[in-house]
Amino acid sequence: MQETQDGLEEFLLLLPHHASRESLAERAAALLEVARQPFRVSGRLQPLAIALGGTVLDGSHASAAAAMAEAGLARKLSTQGGRSGFRLVDASLRRQVRNEFVRQNHFREALQHGALQPFFQPIVDLPTGRPMGFEALARWRSSDGNHAPPADFLPLAKQMGLTSELDLVVIRSVISAMPALAEAAAELEHSADEPLVISVNLSAQLLDDPEQRQALLR
């Protein structure tokens, strides 16, 4: 047992009689079932979240350290948003898991460094064709200058529990862009009595989290 960098306890289990994916999955399912029951601490019920990562020692690892690193990688990928989960890595899944982990790191960096930007889709009145406003749609700008549409990264944000952070990044970017949008709107044939609107999509996660709701209101 050792303590991780985020202050959590980490255990290593060696199961010599569970050398198949199926047997390891069964053992993990039993442990996850235990975690579904909250524990009572000082008279209060406390939920328990456990992250389980495993690898099969099938002779494909370069060393024991490589096997340990692979199990640790699987553990990090096993749970998102504070929920319990299990991931198993073997030779056939190793490349897929590593690529997924790299993509998650790239997405976190994109959130932190402004690579996720709003694109503004015009909203028009269909009978007249008059502009009514804009809808802000998130795009992920890659290092090669291309922009990925939401379908390429929204499932990833949901899997990582980062949809509310993505929403706030887009909203802050929209607020920063409003002066430029106002200048562009002044050149449009639009009645001053009907101000242009900006539409921004919100996720349920943003509205469910009290801390994130406060960030939204700010």
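The values are calculated or read from the model by the stated rules, or taken from the named source; none is laboratory data. Note that the structure is a prediction, hence the values are computed from the model and not measured. A quick note on method: Cβ atoms are made from the backbone with ideal geometry, for glycine too, and the neighbour counts reach across all protein chains shown. Heavy atoms of the whole protein, side chains included, go into the accessibility calculation; ligands, DNA and RNA do not. Shrake-Rupley method; radii C 1.70, N 1.55, O 1.52, S 1.80 Å.
Worth a mention:
- Leading residue by the ranking (nearest to the chain's Cα centre (by Cα)) among those in segment 110-120 that are open to solvent by 70 Å² or more (accessible area, probe 1.4 Å) and at pLDDT below 90: 112
- Candidates 148, 136: the one that is in contact with a Ser or Thr (Cβ under 8 Å, 6 or more places away or on another chain), at pLDDT 90 or above and either open to solvent by less than 60 Å² (accessible area, probe 1.4 Å) or farther than 25 Å from residue 183 by Cα (or both) is 136.
- For segment 160-179, filtering for residues that are under 21 Å from residue 208 (Cα atoms) and open to solvent by 70 Å² or more (accessible area, probe 1.4 Å) leaves 1.
- Residue in segment 53-72 that is surrounded by the most Cβ atoms within 10 Å (Cβ to Cβ), counting only those that are over 29 Å from the mean Cα position of the chain (by Cα) and not small (Gly, Ala, Ser): 61
- Unmet criterion (only one of (1) open to solvent by less than 80 Å² (accessible area, probe 1.4 Å); (2) closer than 28 Å to residue 171 by Cα) for residue 83: (1)
- Segment 12-33 - residue that is in contact (Cβ under 8 Å) with a residue 12 or more places away in the chain, assigned to a helix (DSSP H, G or I) and open to solvent by 60 Å² or more (accessible area, probe 1.4 Å) and, of those, farthest from residue 64 (Cα to Cα): 31
- Whenever a residue of segment 180-209 is farther than 30 Å from residue 163 by Cβ, its partners that are at pLDDT below 85 and surrounded by 15 or more Cβ atoms within 10 Å (Cβ to Cβ), lying with C-beta atoms within less than 7 angstrom and at least six residues away or across chains, give the pairs 188/131; 190/131; 190/196.
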